[in-house]
1. Among the residues of the range 1-36, write down those that are among the β-branched types (V, I, T) and under 20 Å from E76 (Cβ atoms).
2. Of the residues G56, G78, G88, G99, which single one is of a type in the set (G, A, S) and on the phi < 0 side of the Ramachandran plot?
3. What's the number of the only condition in (1) touching a Gly at 6+ places or on another chain (Cβ under 9 Å); (2) at pLDDT below 95 that A3 fails to meet?
4. State the number of residues belonging to the range 1-33 that are within 9 Å of the chain's Cα centre (by Cα) and either surrounded by 11 or more Cβ atoms within 10 Å (Cβ to Cβ) or outside any loop (DSSP other than H, G, I, E, B) (or both).
5. Can you report the number of residues in the range 34-50 which are among the charged types (D, E, K, R), within 18 Å of the chain's Cα centre (by Cα) and not in a loop (DSSP other than H, G, I, E, B)?
6. So which strands (runs of 3 or more DSSP E) stay within the range 51-94 end to end and still have 2 or more residues that are farther than 16 Å from Q22 by Cβ and touching a strand residue (DSSP E or B) at 6+ places or on another chain (Cβ under 7 Å)?
Amino acid sequence: MAAKLRKGDKVIVLTGKDKGRQGEITQVMPKEGKAVVDGINIAIRHTRQSQTSQGGRIPKAMPIQLSNLALVDPKEGGPTRVGFRMEGDKKVRVAKKSGTVIDA
């Protein structure tokens, strides 16, 4: 099945503690159905100081369910669903809200 959300896409969070916030996908895990979004779903990791690293509280972006994310429409700016269309002999992703092609 083709991926509707990919690394580098700008997405908006639909549900949860970060609802309404936007960020860019840095990693997609298709087997788990999750993605890591920069600046979203941050958890604090407490680490002990060692010879190689400084200890303290280190923020880390945790994975978020793909169903809780929506692509930001490049034309209108709001959340949109993703569809597919054939352009010549190439399959491209299309924003359902505005009809604009996401992949050039």
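1. Of all residues in the range 1-36, those among the β-branched types (V, I, T) come to 11-13, 15, 25-26, 28, 36.
Hits for the range 1-36 are V11, I12, V13, I25.
2. Working: G56 fails: on the phi < 0 side of the Ramachandran plot; G88 fails: on the phi < 0 side of the Ramachandran plot; G99 fails: on the phi < 0 side of the Ramachandran plot.
None of the other options fit; the residue is G78.
3. (1)
4. Filtering the range 1-33 down to residues within 9 Å of the chain's Cα centre (by Cα) leaves 5-13, 22-28.
Cutting the leftovers down to either surrounded by 11 or more Cβ atoms within 10 Å (Cβ to Cβ) or outside any loop (DSSP other than H, G, I, E, B) (or both) gives us 5-7, 9-13, 22-28.
Matching residues across the range 1-33 total 15.
5. Filtering the range 34-50 for residues among the charged types (D, E, K, R) gives 34, 38, 45, 48.
Next, from what is left, pick out any that are within 18 Å of the chain's Cα centre (by Cα): 34, 38.
Restricting the remaining residues to those that are not in a loop (DSSP other than H, G, I, E, B) gives 34.
Looking only at that region, the number is 1.
6. Values: elements: 56-61, 63-65, 69-72, 82-87.
Here the list reads 56-61, 63-65, 82-87.
The values are calculated or read from the model by the stated rules, or taken from the named source; none is laboratory data. These numbers come from a predicted model, not from an experiment. Here the Cβ is made from the backbone with ideal geometry for all residues, glycine too, and neighbour counts use every protein chain on show.
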